[in-house]
Amino acid sequence: MSTTTDNWPQVEAAAQESLGKDITRFIEQCRAGDEPDSRLIAALHEVQAQYGYLDGEHLDAVAQLMQIPAAKVSGVASFYHFFRLKPRGRFMINICMGTACYVKGADRVARKVISELGITWGETSSDGVFTLEGARCLGTCGLAPVVMIDDQIHGNVTPDKIPPLLEKYLQKAQEPQR
Ligand code: FES
């Protein structure tokens with residue numbers, strides 16, 4: 001992607017439109033400081049916080065506004081696991097794979113979720129309801145093994161509890177969002 005400035009006003013306007021006012025302002029502050037490249041991760045976090053994930057258009061717009069090569073921006077976005085490059089599902093399932101949960105069978109719970117949903121780590125179910133991620137420790141080791149769905153902790157989870165749990169959230173997904 002070119003970052004030449006002959007059509008800069010149009011490029012800048014398109015990038016601003018893609019990212020919105022707040023993020024544009026944030027990036028302007030990053031550029032005004034020392035070593036704006038070092039703020040790239042912060043800028044990407046802002047975009048993900050607002051849009052839920054980073055798509056190609058967002059990454060191009062960040063590259064344009066920060067004047068950083070697009071290849072570097074997408075390289076950073078794909079390197080770090082906390083950046084999501086695809087839309088997340090309605091519910092985020094985090095299965096704790098920390099030591100306490102692992103020894104209590106988190107891997108069996110994970111295999112059940114994976115087989116029920118037909119997806120693997122980092123993926124979203126085809127109906128857009130669930131995104132599956134792993135976590136190191138959710139801080140509730142006494143309830144191991146633990147599965148967190150959005151901000152709700154489910155403790156002492158066993159593989160046979162997974163189908164009714166997923167069903168409960170599937171039903172929730174069909175309720176109108178407030
Ligand atoms: S190891 Fe799973 S909650 Fe701590």
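Values quoted throughout were computed directly from the atomic coordinates according to the rules given, and no laboratory measurement underlies them. Note that the structure is a prediction, hence the values are computed from the model and not measured. In this analysis, Cβ positions are derived from the backbone assuming ideal geometry, glycine residues included, and neighbour counts consider all displayed protein chains.
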Practice task
Mind listing whichever residues of the stretch 66-89 are closer than 17 Å to Met148 by Cα and buried (at least 18 other Cβ atoms within 10 Å of the Cβ)?
Solution key: Gly89
Handout entry: Top-ranked residue of the stretch 124-167 - restricted to ones that are in a strand (DSSP E or B) and in contact with a Ser or Thr (Cβ under 9 Å, 6 or more places away or on another chain), ranked as farthest from Arg90 (Cα to Cα)
Key = Ile153
Practice task
Determine if the stretch 155-171 includes at least one residue that is crowded, with 18+ Cβ neighbours inside 10 Å, touching a residue at least 12 places away in the same chain (Cβ under 8 Å) and within 14 Å of the ligand (Cβ to nearest atom).
Solution key: yes
Problem - Selected residue (criterion: surrounded by the fewest Cβ atoms within 10 Å (Cβ to Cβ)) from residues of the stretch 1-24 that are more than 29 Å from Asp150 (Cβ to Cβ) and of a type in the set (D, E, K, R) - result: Asp6
Practice task
Tell me which residues, restricted to the stretch 102-145, are in contact with a Phe, Trp or Tyr (Cβ under 9 Å, 6 or more places away or on another chain) and either within 9 Å of the ligand (Cβ to nearest atom) or among the small types (Gly, Ala, Ser) (or both).
Solution key: Ala110, Gly134, Ala144, Pro145
Practice task
Kindly indicate whether Leu54 is surrounded by 13 or more Cβ atoms within 10 Å (Cβ to Cβ) and part of a loop (DSSP other than H, G, I, E, B).
Solution key: yes
Completion exercise
Scanning the stretch 73-100 residue by residue, those of a type in the set (Phe, Trp, Tyr) and more than 23 Å from Ser125 (Cβ to Cβ) turn out to be Phe79, Tyr80
Problem - Hits in the stretch 115-130 - residues which are surrounded by fewer than 16 Cβ atoms within 10 Å (Cβ to Cβ) and not small (Gly, Ala, Ser) - result: Thr120, Trp121, Asp127
Problem - Output for the stretch 90-106, where each listed residue is surrounded by 13 or more Cβ atoms within 10 Å (Cβ to Cβ) and not in a loop (DSSP other than H, G, I, E, B) - result: Phe91, Met92, Ile93, Asn94, Ile95, Cys96, Thr99, Ala100, Cys101, Tyr102, Ala106
